[in-house]
Amino acid sequence: MKKVLNYLFDHRTLSREDARQILVSIGKGEYNEHELSAFMTVYLMRSITLDELMGFRDALLELSVPVDFQGKQVMDVVGTGGDGKNTFNISTLACFIVAGAGFPVAKHGNYGASSISGASNLMERIGYKFKNDQDALRRELDAANMCFLHAPFFHPALKTVGPIRKNLKVRTFFNLLGPVVNPSKPAFQLIGVYNLEIARLYNYLLQSEQGSFAIVHSLDGYDEISLTADAKVITKEGENVFQPLALGKTNVRPDEIYGGDTVDAAVEKFLNILQGKGTDAQNAVVCCNAAFGLLLTGKFADYPSAFDAAKESLLGGKANQALKNLIQLQ
């Protein structure tokens, strides 16, 4: 690692293959925590390159526990995290709304590293048992249109760096990898990013893939559609900027989507919203994100019809029923 660090400290970048080999070595536990901390810090000092991102991704997928849903096309709705906004779990709520609308979701997530409540913190607290048993995951998809893939169960390399990320308490390049290493290789991906530079990287990365994707970013820094500012949405068809009123029929203040100071607070908000007790602002935000996910399926003529389907799933109790069906199987 000393040779790699000196190379990087000299303001040079890694080739795709070098990046792959380094992350394979990390996954095999060949470096100590101090070396890993220094390596991760490099990418706080400068932006990751496309070759580096692709190489790291190659390694994680190479080392991952594969997931086979036997031809069933699944969706993932996920954010990079690291935006420093500490919202409630918008993407996880959007997943249940999509599931309630009748589309299977394989949500990939982890414990919060730079936020209080990551998707795994939430799912664990509400009674979901992490697993990588294929049959069990398929049963969950059949019963609830939803299953959860806790990243360390599928990516052994993440077990090595998890404690370091938690201690650093800042975003690292692993935040960027999470959304693009779902081992089920979803056909539909809605990915939220914390800045436009990362949006462009993902766009380059995903353009060559067969699946359908949308990359979303609120221009005031949220890694999701927050309705607190205009939102940029990037798909294979191009880029568009949308105003909050056009998407959610309302403008939202940052305090209205704050997640709270504890995991318990985040869980309470999550369950309230899923049970139809959310505020107008909370409902609008989660339905907007779910609507863009639903649009990817090609089953909706336009955004308004997808948004209406999301609202029906949430307010009609279908999203909450998806959660009940999922937890009953634990």
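The values are calculated or read from the model by the stated rules, or taken from the named source; none is laboratory data. Not measured: the values here are computed from a predicted model. Positions of Cβ are backbone-derived with ideal geometry, glycine not excepted, and every protein chain shown enters the neighbour counts.
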Residues that are surrounded by fewer than 22 Cβ atoms within 10 Å (Cβ to Cβ), touching a residue at least 24 places away in the same chain (Cβ under 8 Å) and in contact with a Pro (Cβ under 7 Å, 6 or more places away or on another chain): list the helices (runs of 4 or more DSSP H) wholly contained in the range 93-174 that include at least 3 such residues.
none
Would it be correct to say that GLN275 is of a type in the set (S, T, N, Q) and more than 23 Å from ASN182 (Cβ to Cβ)?
yes
Here are the criteria: (1) assigned to a helix (DSSP H, G or I); (2) among the charged types (D, E, K, R); (3) in contact with a helix residue (DSSP H, G or I) (Cβ under 9 Å, 6 or more places away or on another chain). Tell me which single one GLU197 does not satisfy.
(3)
Here are some residues: GLY259, GLY276. Which one is more than 21 Å from the chain's Cα centre (by Cα), in contact (Cβ under 8 Å) with a residue 40 or more places away in the chain and within 24 Å of LYS107 (Cβ to Cβ)?
GLY276
Residue tally, condition of a type in the set (A, V, I, L, M, F, W, C) and more than 21 Å from ALA106 (Cβ to Cβ), over the range 60-95:
1
Cβ pairs under 7 Å, 6+ apart or interchain, first in the range 222-233 and β-branched (Val, Ile, Thr), second surrounded by 23 or more Cβ atoms within 10 Å (Cβ to Cβ) and assigned to a loop (DSSP other than H, G, I, E, B), ordered by first then second residue, are THR228/TYR222
On the given criteria, is VAL105 in contact with a helix residue (DSSP H, G or I) (Cβ under 8 Å, 6 or more places away or on another chain), at pLDDT 95 or above and closer than 30 Å to ASN325 by Cβ?
yes
The residue that is nearest to the chain's Cα centre (by Cα), considering only those in the range 223-254 that are over 20 Å from GLY84 (Cβ atoms) and assigned to a loop (DSSP other than H, G, I, E, B), is LYS236
Go through (1) part of a loop (DSSP other than H, G, I, E, B); (2) in contact (Cβ under 8 Å) with a residue 12 or more places away in the chain for GLU209 and report which single condition fails.
(2)
Among the candidates PHE153, PHE148, single out the residue that is more than 30 Å from VAL42 (Cα to Cα) and touching a Phe, Trp or Tyr at 6+ places or on another chain (Cβ under 6 Å).
PHE148
Selection from the range 263-318 of residues of a type in the set (S, T, N, Q) and not in a helix (DSSP H, G or I) yields GLN275, THR279, THR297
Look through the range 70-82, keep the residues that are among the hydrophobic types (A, V, I, L, M, F, W, C) and either modelled with pLDDT under 95 or under 30 Å from ASP261 (Cβ atoms) (or both), and return whichever of them is surrounded by the most Cβ atoms within 10 Å (Cβ to Cβ).
VAL77
Counting just the residues of the range 1-15 that are within 10 Å of ALA38 (Cβ to Cβ) and of a type outside the set (Val, Ile, Thr), which one comes out farthest from the chain's Cα centre (by Cα)?
LYS2
Matching entry among LYS131, LYS85 (being charged (D, E, K, R) and under 17 Å from THR262 (Cα atoms)):
LYS85
